[in-house]
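Novice: Sharing a structure with you now.
Any read-out appearing in this document is the output of simple, stated calculations on the displayed coordinates, not a laboratory observation. This structure is a prediction, so every number in the text was calculated from the model and none was measured. Every residue, glycine among them, receives a Cβ derived from its backbone with ideal geometry; neighbour counts consider all protein chains shown.
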Amino acid sequence: MSDMAVAETAGAADAVSVRLAAVFLPAPLPREGRIAFWDPAGEVWHSEPTPDAPPTHTELTVVRPHGAGVRRRTAPALSLPIEAALPHLVRARRDPAAHPATACWGAAALHALRLTARGRMLPGLTATGHDAWRAGPLDPDD
């Protein structure tokens, strides 16, 4: 396996290199969304499953530069439940080797954790009537 692949198999988040790009995969229920990690360099990589948060191997359609324009292509990806991806994203936030998209999702994850720690979460409902949390009340600094 390459250095872009699995670093360790101790946990699902440790199985992903910070150099991989992250993207959020929404779900009808927000808590069921996943984070997918893929390699912009096009390298094929694999991860060992973990019993607590089994990763799902999938393919993403990504848009990449091509000449003066762009072209769509598929890329192999590893998707994790948000709770399994969270430690990886938080670590990537301050890692200079992290992909910019992964660092950005890390910043969003840290902001959400700070709001939660400050009690800035309110119960709510989705458009389909399912229970879901939302951020609030927010201060101007938020």
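Novice: Loop-only check: which trypsin sites (Lys or Arg not before Pro) in the range 94-142 are DSSP coil with at most 16 other Cβ within 10 angstrom?
Specialist: Here the trypsin sites (Lys or Arg not before Pro) that fit, given the DSSP loop and packing criteria, are Arg94, Arg118, Arg120.
Novice: Quick one: grab the alpha carbon gyration tensor of the range 28-142, order the square roots of its eigenvalues as a ≥ b ≥ c, and give me rounded if a/c is under 1.5, else prolate or oblate depending on whether a/b is larger than b/c.
Specialist: Here the range 28-142 falls in the prolate category.
Novice: Shifting gears a bit: Between Leu115 and Asp141, what is the label-point separation in nm under the 7 Å Cα-to-beta-carbon projection?
Specialist: It works out to 1.6 nm between the two label points.
Novice: Take every Cα pair under 8 Å in the range 58-142 that's 6+ residues apart, average their separations, divide by the length, and report that relative contact order as a whole percent. Could the numbers behind the result be given before it?
Specialist: Working: 83 pairs, mean separation 12.9, N = 85.
Computed value for the range 58-142: 15 percent relative contact order.
Novice: What nm distance separates the two modelled labels at His130 and Arg31, each placed 7 Å from Cα along Cα→Cβ?
Specialist: Result for the modelled spin labels: 1.0 nm.
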